[in-house]
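First comes the structure, then the notes that go with it.
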Amino acid sequence: MRLEVPRGLRDIEPEEFDKIEWLREKFMETLDLFGFKKMEPSTIELLDILEAKSGPSIIDEIYFLRDKAGRELGLRFDLTVGISRYVCSRRDLEYPVKVGAFSSVWRYDEPQRGRYRWFYQWDAEIYGKPCVESDSEIIELAKVYFEKIGLENIQVELNDRKVVEEYIVNVTGVKEEKAVNELLRLLDKTTKKSEEEIFSEYISKGFEKKVIEDVLELAKISEKTENVLYEMEKKGLKKIEDLKKVVEELEIRGIKDFRINLGIVRGIDYYSGIVYEFYDPALPRLAVAGGGRYDKLMQVFGRKDLSATGAAGGIERILMVLEERGKIKINKKRKIFVAFVTSELKKKAQKIVTELRKTGYPAEMDIYARDLRKQLAYASKYSNYAIILAPKEDLENKCIIKNLETGNEEKVEYTKIFEKLGTVID
């Protein structure tokens, strides 16, 4: 028997699990700050629900299965689809609905550095009437979350799909929907392919060189915000009002690290308005999160009365950035270790451990009853403090509290253990 997991999957070991839990805790704190409710959508969805976002081809990119009743199902590939299905099914909800989740998703992608087939995402969504304040709220929430975990230099890049589509129709003269979508895909490839590769690909698809040049020119407009807005107005684009309003709203909220990047379009058949991505200088070509307005999904789910915007980020990619920057600050030694010198003191040590746990202190002792040296060697790897029970001190109704980092020791009466711990442990 081969003791291994399927390709693209992995066991999350204790050290990594602690990091993920820390990121989860900070995200939940952020949701509370912004008044978001928390939920977790179903891990398994009907296939047609998953296809609603990404089309029938999604079956090749997900974990697909049939249950015993013959129903076609799939493991969720993101959190947005399930949350959106839930909200669309609940006509009793009061709007705006602000909801977030932090959990596992599965995609049958080609594994690579920082990308697994099972991974974690954070996700925040707002449903209700269409308004740029919702887009700005999501962007601010993401920025606050990143700052909470130590990523203060996250850059936000903004665009509006409506503006890009207007540009393609007005400037290039391409009006047929299929061709417009192909040119949107061209924009989406500008961060992944060279211009030579793009020209070669799109000329082979029948596009004129001038059309490709015009679209590539759009992708290069990502200077200062006021310059981009001026350039768009100069080109006669009319659908820039939402972009202007989001810029104004972000400035009101004190967000400075953002710019308009007309090369960002994200999901071609999915997003319908404002879109945004978040970058860290440590991974300049890889977004650590992204999102936008996706009213089209609401319509597919039968809710033309609902608008939606949201963002999500992969936790593994965030961990890559944090580790690159040395920003993960998790106190791994929070337990108190209770050691004992003789077997006669073992029962008393166990009672102290139990009382510590009842009082809220993480605590443990050596279940193997090894000698004191081995107990303390083990304790020093996982604990800040040790309570040592020794025969001489026990006769005085005292124990020794030892700081395992500094080596400092102090004799303390048994009745004053908790009083003393309260002065030395945060």
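Taking the alpha-carbon distance from Lys348 and a cut-off under 26 Å, which lysines remain once sequence neighbours fewer than 8 residues away in the same chain are dropped?
Correct list for Lys348: Lys333, Lys335, Lys358, Lys374, Lys381, Lys392, Lys398, Lys402, Lys411, Lys416, Lys420.
So if R0 is 35 Å, what FRET efficiency would Leu9 and Leu283 give, r being the distance between their Cβ atoms, rounded to the nearest 0.05?
So the FRET efficiency works out to roughly 0.95.
Relative to the longest principal axis of the C-alpha atoms of the chain, give the angle of the C-alpha long axis of helix 225-234, reported between 0 and 90° and rounded to the nearest 10°.
Rounded to the nearest ten degrees, it is 20.
Taking the Cα atoms of the chain, report the difference between the largest and smallest coordinate on each principal axis, in whole Å and largest first.
Cα spread of the chain along its principal axes, largest to smallest: 93, 55, 49 Å.
Between Phe34 and Arg325, what is 0.36 nm times their sequence separation minus the Cα-Cα distance? Round to one decimal in nm.
Separation in residues times 0.36 nm, less the Cα-Cα distance, equals 102.0 nm.
Gain in length, Asp92 to Tyr378, computed as 0.36 nm per residue apart minus the alpha-carbon separation, to one decimal in nm?
Extending this stretch completely gives an extra 97.4 nm.
Which of Tyr145, Tyr108 comes first, and how do the rest follow, when ranked by fewest Cβ neighbours within 10 Å?
Ascending number of Cβ neighbours within 10 Å: Tyr108, Tyr145.
Given q = 0.17 Å⁻¹, what are the Debye log10 I(q)/I(0) values for region 58-212, with equal point scatterers placed on the Cα positions and solvent ignored?
For the requested q values the scattering log ratios are -1.30.
For the Cα atoms of the chain, what angle does the longest principal axis make with the long axis of helix 195-204, in degrees from 0 to 90, nearest 10?
It is inclined by approximately 50 degrees.
Within the set Lys238/Lys296; Lys37/Lys178; Lys37/Lys192; Lys189/Lys329; Lys98/Lys192; Lys98/Lys256, which residue pairs have Cα atoms separated by over 28 Å?
Beyond 28 Å between Cα atoms: Lys37/Lys178; Lys37/Lys192; Lys189/Lys329; Lys98/Lys192.
How big is the gap, in Å, between the Cα center of region 21-62 and the Cα center of region 96-129?
5
Would you mind calculating the gained length between Asp257 and Glu241 on full extension (0.36 nm times residue separation, minus the Cα-Cα distance), in nm to one decimal?
Here the segment from Asp257 to Glu241 would lengthen by 3.7 nm.
Could you check the simple spin-label distance between Arg66 and Glu231, using points 7 Å along Cα→Cβ, in nm with one decimal?
In this crude label model, Arg66 to Glu231 measures out at 5.3 nm.
Need the C-alpha centroid separation for region 362-420 versus region 143-191, integer Å.
The distance from the Cα centre of region 362-420 to that of region 143-191 comes to 59 Å.
Could you please tell me the mean projected area of the C-alpha convex hull for region 265-360, averaged over all directions and given in square nanometres to one decimal?
Here the figure is 12.1 nm², rounded to one decimal.
For n ≥ 4 DSSP H runs only, could you compute -39500 (n - 2.57) per run for the chain, divide by its residues and tell me the 222 nm figure to the nearest 500?
Result for the chain: -12000 deg cm²/dmol, rounded to the nearest 500.
Take the alpha carbon gyration tensor of region 335-424, find the square roots of its eigenvalues, order them as a ≥ b ≥ c, and report rounded if a/c is under 1.5; if not, report prolate when a/b exceeds b/c, else oblate.
rounded
Any read-out appearing in this document is the output of simple, stated calculations on the displayed coordinates, not a laboratory observation. Note that the structure is a prediction, hence the values are computed from the model and not measured. Positions of Cβ are backbone-derived with ideal geometry, glycine not excepted, and every protein chain shown enters the neighbour counts.
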